[in-house]
Amino acid sequence: MKLSVIIPYYQGQNYINKAIESCIHPDMEIIVVDDFSPDPFVYHGDKPVKVIRLDTNVGQGLARNAGLDAARGEWITFLDQDDEFLINLDVFMRLFPDTAQAVWTQCIYKDLQGNVDILNIAELDIADFAQPTEE
């Protein structure tokens, strides 16, 4: 499994299916973490989805952590229940190197008029996390 997509869920039945349907790559694991929602997660699509239902509401951060514990992918990404992938995932999946040298994150959004723009980019060298920095 190349990529695990973790989607925390809480009262989002009206739009989570669109998020799941945007996960179209075959080498992708989809994990939905139901954060003890009053309307439990139900999916009627044809994609394999691993569902974790928590016994108590813990909030989005700890729900993501529960997804991390269950993830089997070499890489992890988070997708909010009301968001969707807007990029070509075949191209995206080819960007992953065999050995990680950097952590890269990007948030792309589509406004109500349909315009797509980049909201945030961060590129960090993993070595910055492995060794203390000298000032």
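The values are calculated or read from the model by the stated rules, or taken from the named source; none is laboratory data. In this text the structure is predicted, and so the values were computed from the model without any measurement. Positions of Cβ are generated from backbone atoms using ideal geometry, with glycine treated the same way; all protein chains shown enter the neighbour counts.
Within the range 41-69, the set of residues being closer than 21 Å to Lys2 by Cβ and in contact (Cβ under 8 Å) with a residue 40 or more places away in the chain comprises Arg64, Gly67, Leu68. Mind checking whether some residue in the range 23-40 is at pLDDT 95 or above, among the β-branched types (Val, Ile, Thr) and farther than 16 Å from Lys2 by Cβ? Yes, some residue in the range 23-40 is at pLDDT 95 or above, among the β-branched types (Val, Ile, Thr) and farther than 16 Å from Lys2 by Cβ.
Would you check if Val58 is surrounded by 13 or more Cβ atoms within 10 Å (Cβ to Cβ) and assigned to a loop (DSSP other than H, G, I, E, B)? Judged against the criteria, Val58 is a match. The set of residues in the range 1-30 that are small (Gly, Ala, Ser) and within 10 Å of the chain's Cα centre (by Cα) comprises Ser4, Ala19. Based on what the data block shows, is Asp46 out of contact with any strand residue (DSSP E or B) (no Cβ under 8 Å at 6 or more places or on another chain) and either assigned to a helix (DSSP H, G or I) or surrounded by 14 or more Cβ atoms within 10 Å (Cβ to Cβ) (or both)? Considered against the rule, which asks whether it is out of contact with any strand residue (DSSP E or B) (no Cβ under 8 Å at 6 or more places or on another chain) and either assigned to a helix (DSSP H, G or I) or surrounded by 14 or more Cβ atoms within 10 Å (Cβ to Cβ) (or both), Asp46 comes out as no. So, in the range 4-19, of the ones that are of a type outside the set (Ser, Thr, Tyr) and in a loop (DSSP other than H, G, I, E, B), which residue ends up nearest to Ser37 (Cα to Cα)? Checking each candidate, the answer is Gln11. Looking at the structure I just gave you, is Ile52 surrounded by 14 or more Cβ atoms within 10 Å (Cβ to Cβ), modelled with pLDDT under 90 and either assigned to a helix (DSSP H, G or I) or under 16 Å from the mean Cα position of the chain (by Cα) (or both)? It is false that Ile52 is surrounded by 14 or more Cβ atoms within 10 Å (Cβ to Cβ), modelled with pLDDT under 90 and either assigned to a helix (DSSP H, G or I) or under 16 Å from the mean Cα position of the chain (by Cα) (or both).
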